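These notes are about the structure you will find just below.
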Amino acid sequence: MRLRRKRRIIRATRKGRELRIVANRTDRIRSSDVLLFSCQRNEGVRLPYFLDYYRGLGVDHFLIVDNDSTDGSLDFLARQPDVSVWHTRASYKRATFGVDWLNRLARLYGHGHWCLTVDPDELFLYPFCDTRPIRGLTDWLDACSIRSFSAMLLDMYPKGRIDATPYRPGQDPLEVAPWFDAGNYKVARNPEYGNLWIQGGPRARVFFPDAPAKAPALNKIPLVKWHRRYTYVSSTHMLLPRGLNLVYDEWGGEKASGVLLHTKFLDTFTGKAEEELRRRQHYGASREYIAYADGVQSNPDLWCKWSEKYINWRQLEILGLMSKGNWA
């Protein structure tokens, strides 16, 4: 595992040469700042709310890789005073689906910081997020000598056709897509890396009904007290060193955890899926996007009679989708 980690770091260093700085404001980063890392392409409609949401949680600085957007989102990001942005035309797939680029930036700028790595369609929730800023969480994690914090990816969707309600820039996506699956999740332990592997929800139910084992993974470890010797291996599903993946209690108790509300399924989804299907830059020969394209044509409504409407993080705790552990 040590050799594998070193190879990942070397790979990230090499792939980092593909990045061209567009707006570098990293000299404004203070030693106590919470940083957010993200990779985006043509997410201009989402970015205004995305930035405001995480500013509201207490993120101090954003470090974003733009993978050759054509919708003006690169210019928008470059104008933001708390954003540093890099551009690349290189292959997303050959950069381990963007992980190599973000690993390189985290190594350069994230050392010693709490770093949150999320996609533009993910909204991070943690216990007491409605009353405590993210620094309250990271201070508690520091006091408990906890270096990584997990969050289950929870797919959100509208009631009715995905494309029925237009999404406006700056709008809270939960106004359009407030529903989720409260159950239908399978959890297993990855014996190689020690992380949990979670599958299920509407993507397994609708897009992979005959092959649920091929459904996307829903386990993530998005918040890490970064060290330059750390590296993500596959998206934010798992890290090296291996101990960072032990974000659960092996003896049956509960550790604090969060949720990433995944707002992929807006009216923009069909066009996005078609674009990514053409580009073939995603995992497994883009089989996930092939399933999306087929599923949306046959059933554009993800809602079912067991769907739950989102209220707040406490609802998710009651349903067992997140936990406050011993943080009171």
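Residue count for segment 133-191, restricted to those that are assigned to a loop (DSSP other than H, G, I, E, B), at pLDDT 95 or above, surrounded by 15 or more Cβ atoms within 10 Å (Cβ to Cβ) and of a type in the set (Ser, Thr, Tyr): 1. Of the residues making up segment 78-98, those that are open to solvent by less than 10 Å² (accessible area, probe 1.4 Å) and either assigned to a loop (DSSP other than H, G, I, E, B) or closer than 14 Å to residue 12 by Cβ (or both) are 88, 95, 98. Applying a threshold of 7 Å to beta carbon distances and a minimum spacing of six or more residues, or different chains, the list of pairs starting in segment 312-324 at a residue that is more than 16 Å from residue 137 (Cβ to Cβ) and ending at one that is open to solvent by less than 60 Å² (accessible area, probe 1.4 Å) and among the aliphatic types (A, V, I, L, M) reads 319/182; 321/152; 321/154; 321/259. On inspection, residue 305 does not qualify as under 30 Å from residue 162 (Cβ atoms) and modelled with pLDDT of 95 or more.
Considering every residue within segment 4-22, establish whether at least one is closer than 26 Å to residue 124 by Cα, hydrophobic (A, V, I, L, M, F, W, C), assigned to a strand (DSSP E or B) and at pLDDT 95 or above. Scanning segment 4-22, I find no residue that is closer than 26 Å to residue 124 by Cα, hydrophobic (A, V, I, L, M, F, W, C), assigned to a strand (DSSP E or B) and at pLDDT 95 or above, so the answer is no. Whenever a residue of segment 258-275 is within 30 Å of residue 148 (Cβ to Cβ), its partners that are of a type in the set (Phe, Trp, Tyr) and crowded, with 22+ Cβ neighbours inside 10 Å, lying with C-beta atoms within less than 6 angstrom and at least six residues away or across chains, give the pairs 258/126; 260/124; 265/157.
Residues being without any contact (Cβ under 8 Å) to a residue 12 or more places away in the chain, open to solvent by 60 Å² or more (accessible area, probe 1.4 Å) and more than 20 Å from residue 5 (Cβ to Cβ) are represented in segment 122-131 by at least one member. Taking the criterion of being buried (at least 17 other Cβ atoms within 10 Å of the Cβ) and either on the phi > 0 side of the Ramachandran plot or touching a residue at least 40 places away in the same chain (Cβ under 8 Å) (or both), the residues of segment 56-77 that qualify are 57, 59, 63, 65, 66, 74, 77. Would segment 215-229 turn up any residue that is of a type in the set (Lys, Arg), at pLDDT 95 or above and touching a Ser or Thr at 6+ places or on another chain (Cβ under 9 Å)? Taking every residue of segment 215-229 in turn, at least one turns out to be of a type in the set (Lys, Arg), at pLDDT 95 or above and touching a Ser or Thr at 6+ places or on another chain (Cβ under 9 Å).
Given the structure, is residue 203 closer than 30 Å to residue 111 by Cα and either basic (Lys, Arg) or out of contact with any helix residue (DSSP H, G or I) (no Cβ under 6 Å at 6 or more places or on another chain) (or both)?
Criteria not met by residue 203.
You will find that of 55, 79, 30, 46, the residue that is among the basic types (Lys, Arg) and farther than 26 Å from residue 126 by Cα is 79 and no other.
The values are calculated or read from the model by the stated rules, or taken from the named source; none is laboratory data. Only a predicted model underlies this, so the values are computations on that prediction, with no experimental measurement involved. Positions of Cβ are generated from backbone atoms using ideal geometry, with glycine treated the same way; all protein chains shown enter the neighbour counts. Keep in mind that these areas ignore ligands, DNA and RNA; they rest on the heavy atoms of the full protein, side chains included. Shrake-Rupley method; radii C 1.70, N 1.55, O 1.52, S 1.80 Å.
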